[in-house]
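Report on the following structure.
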Ligand code: PMP
C-alpha cells in the first residue's frame, strides 16, 4: 500500500533509527544515578538539550522533555493556568481557537468545566484566526493565548508572528504555540513565543517523546509530582534513547529543510492542481503560502456518503489516507472543518492527504488516479451499493 498519512506519523529517519538502536543498548543506565554509567547517560541527555536549544535559539534550561506533544500542550496550558490561579486566587482566562488539536482543545474544555474562562475563537473559511479577534477578547485576567502553528487537518498556517508581536508588550499574557505540524516546514522564530510544543514522531523521530520550550519568564505548575528530573517540572526517569533520537530528528529536519521543501513543492503542486480539477471535489486547504505544503484536505459530498466510505474505497486501491486527526477519528463531522465551513456535509466527507519528501512523483500520480476512480465509483453506484 501507498501511505499518505504522514501527518499522523512519519517513519523513523534511518539516522534516527541508528541513534535509537545505539543509545538503547549503550545508555540504558538511569541518567539520574550518581555512578559513572548514569553520569555518562546524563551527559548525553544534556548534550542533546544543548544541541536542541542552539538549533531553536533558546536557552538549554528552557528545553523540557516530555512524553509527546499531548503532554507538552497539557503542561503548557494547565501549568500556566493553575500556577496563576494559585498565585492570585483569581479565575484565569485563556484565549484559544476552535481548530486546535484535541490535546489543546479538550484540555481547554476540561478547564472550562472547572470554572476557568476560555474563549474559543472562530476561524474564517480558509481556517485562519483573525488577530484582531485575539486583541478584542483580551480581559484583565487573560493569562494565556494558545494558537497552533500549522493545523493538522487542513495545513492552514496561523499568523503566529503577528500574534507574537501583539503580545510582545503584554508580559502578563503568555503565548503558547503547538508547533508540531509546522516544524521543518515553515520557518518560525520562537523569539516572541513563551511556550512551544514539538513531537518526535512527526519529524522522523520516535513516538513517546516530545518537548516543551518554557521560557525563563514563565511560571508553571507541573502536571506530575515526583523526582527532580527536568528541573522538577516533568519528573520521571528520562527516556535517554528517545531524547537523543529527538535531538537527531530535529537536527536532520532543519538540515534537510530546503531539500524537503523543494520535494514537497513539486508534490503539492501536482496533487493540488489535479485534485482541484476533478469535478465535485471541494478543496478545504488553501494554497500556499496560506497553507502548508504537506497537507491537502478536500471533501467529496457526492451521494451524501462519509469519509469512512471514501477512505475504504481508496484503501481497496492500496491508498492509505485519513480524514481527521487520528486523535479524534471517531468523531463523525470534523470539528475543524465545521468551524471553517459550518457545513455538516463537507465536514463529514473530508479526506486528508499528507505528504512527505520521500513520496515519488509516480506514487503521487497514482494517488490522483485513485481519487479520480473513487469519484467515478461513487458517481456510478447507488448509495446502497456504496455502504
Ligand atoms: N498537536 C498536533 C498539531 C498534532 O498533529 C498532534 C498529533 N496528532 C499532537 C499535537 C499530539 O502529538 P503526540 O502524538 O506527540 O501526543
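The values are calculated or read from the model by the stated rules, or taken from the named source; none is laboratory data. Since we're looking at a predicted model, the values are computed, not measured. All Cβ positions, glycine included, derive from the backbone under ideal geometry; neighbour counts span all protein chains shown.
The residues on offer are 291, 325, and the sole one that is modelled with pLDDT of 95 or more, farther than 18 Å from residue 2 by Cβ and crowded, with 18+ Cβ neighbours inside 10 Å is 291.
Which of the following residues is farther than 29 Å from residue 355 by Cβ, at pLDDT 95 or above and within 16 Å of the ligand (Cβ to nearest atom): 195, 223, 167? Of 195, 223, 167, the one residue that is farther than 29 Å from residue 355 by Cβ, at pLDDT 95 or above and within 16 Å of the ligand (Cβ to nearest atom) is 223.
Considering only residues in segment 1-32 that are exposed (fewer than 14 other Cβ atoms within 10 Å of the Cβ) and more than 16 Å from the ligand (Cβ to nearest atom), the one that is farthest from residue 237 (Cα to Cα) turns out to be 1.
Take residue 159 and decide whether it is closer than 23 Å to residue 75 by Cβ, out of contact with any strand residue (DSSP E or B) (no Cβ under 9 Å at 6 or more places or on another chain) and either surrounded by fewer than 24 Cβ atoms within 10 Å (Cβ to Cβ) or not assigned by TED's automatic domain parsing to the domain that holds residue 81 (or both). Considered against the rule, which asks whether it is closer than 23 Å to residue 75 by Cβ, out of contact with any strand residue (DSSP E or B) (no Cβ under 9 Å at 6 or more places or on another chain) and either surrounded by fewer than 24 Cβ atoms within 10 Å (Cβ to Cβ) or not assigned by TED's automatic domain parsing to the domain that holds residue 81 (or both), residue 159 comes out as no. Per the listing 112, 124, the residue uniquely under 21 Å from residue 72 (Cβ atoms), surrounded by fewer than 17 Cβ atoms within 10 Å (Cβ to Cβ) and not assigned by TED's automatic domain parsing to the domain that holds residue 355 is 112. Being more than 16 Å from the ligand (Cβ to nearest atom), outside the structural domain of residue 321 (by TED's automatic domain parsing) and touching a helix residue (DSSP H, G or I) at 6+ places or on another chain (Cβ under 7 Å): is that true of residue 40 here? No, not satisfied. Which of the residues belonging to segment 135-146 are outside any strand (DSSP E or B) and either buried (at least 24 other Cβ atoms within 10 Å of the Cβ) or out of contact with any strand residue (DSSP E or B) (no Cβ under 8 Å at 6 or more places or on another chain) (or both)? Result: 135, 136, 140. Got at least one residue in segment 111-125 being assigned to a helix (DSSP H, G or I), more than 16 Å from the ligand (Cβ to nearest atom) and closer than 23 Å to residue 182 by Cβ? Looking for residues that are assigned to a helix (DSSP H, G or I), more than 16 Å from the ligand (Cβ to nearest atom) and closer than 23 Å to residue 182 by Cβ, one finds none in segment 111-125, hence no.
Contact map, segment 182-205: residues that are closer than 15 Å to residue 157 by Cβ paired with residues that are away from the ligand (no atom under 13 Å from the Cβ) and at pLDDT below 95, Cβ distance under 7 Å, separation 6+ or inter-chain. Pairs shown: 182/188.
Within the set 75, 57, the sole residue that is under 28 Å from residue 251 (Cα atoms), loosely packed, with under 15 Cβ neighbours inside 10 Å and either in the same structural domain as residue 195 (by TED's automatic domain parsing) or within 18 Å of the chain's Cα centre (by Cα) (or both) turns out to be 57.
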